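Here the structure comes first, spelled out in structure tokens, and everything after it is commentary.
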Amino acid sequence: MHRLKELTEAKVYIIGDEDTVVGFLMAGIGSKDGLGRTNYKIITSKVGKQEIEQTFNEYKERRDCGIIIINQHIAEQIRTVIDLHTGPIPAIIEIPSKEQPYDPNKDSVTQKIKVLFGET
């Protein structure tokens, strides 16, 4: 809750394939801070699991991060790391990509809601 009070200009961060990230950038979501750090990361087949985890953890710790949007097929690669995040901020939102459909049974938020209501 303490972090919630500190967020006055929360940003959306994006981890996704090129089409997803470019779409958000075209919508005006992209930014770069004074240190040259961006709020987006394009994940290609050449980007390994460790780099995805590192990006996710870095974004999660940024004080201005209110939401992390991540393609679900990329989230699957770092599912254990995502599942360890239990706080409300940043909110983690999994979305489909052009090539991969959305599966609500894999979404970490959906799974947490099922547990909350006693469904497993």
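Laboratory data are not the source of any read-out in this text; all were calculated from the coordinates shown. Please read these numbers as outputs of a predicted model, since none were measured by experiment. Note that each Cβ is placed from the backbone with ideal geometry, even for glycine, and that neighbours are counted across all protein chains shown.
Classify the chain as rounded, prolate or oblate from the Cα gyration tensor: take a ≥ b ≥ c as the square roots of its eigenvalues, call it rounded if a/c is under 1.5, otherwise prolate when a/b beats b/c and oblate if not. Taking the square roots of the gyration eigenvalues as a ≥ b ≥ c, the chain is oblate. Calculated mean residue ellipticity, 222 nm, the chain: -10000 deg cm²/dmol, from DSSP H runs (n ≥ 4) at -39500 (n - 2.57) each, averaged per residue and rounded to 500. Amide H to amide H, with H built 1.01 Å from N, Asn39 comes under 5 Å of Ser31, counting only residues 5 or more places away or on other chains. Take every DSSP beta bridge whose two residues both sit in the chain; close to 5 percent of them are antiparallel.
Phi angles of the range 25-33 translate, via the Karplus equation with coefficients 6.51, -1.76, 1.60 and θ = phi - 60°, into HN-Hα couplings of 5, 5, 7, x, 7, x, 8, 9, 8 Hz per residue; Gly and Pro are given as x. Proximity of backbone amide H atoms, modeled 1.01 Å from N, is registered between Cys65 and Lys11 at under 5 Å, excluding neighbours fewer than 5 places apart on the same chain.
Just want the answer: with Cβ charges of +1 for Lys and Arg and -1 for Asp and Glu, which residue in Gln72, Ile43, His85 is farthest toward the dipole's positive end in the range 2-116? Selected residue: His85. 3J(HN,Hα) along the range 36-52, derived from phi through the Karplus expression 6.51 cos²θ - 1.76 cosθ + 1.60 where θ = phi - 60°, amounts to x, 7, 9, 9, 8, 9, 8, 9, 10, 5, 7, 8, x, 4, 4, 5, 5 Hz, with x in place of Gly and Pro.
For Ile92, the residues whose amide H sits under 5 Å from its own are Ile68, ignoring neighbours fewer than 5 places away on the same chain, with H placed 1.01 Å from N.
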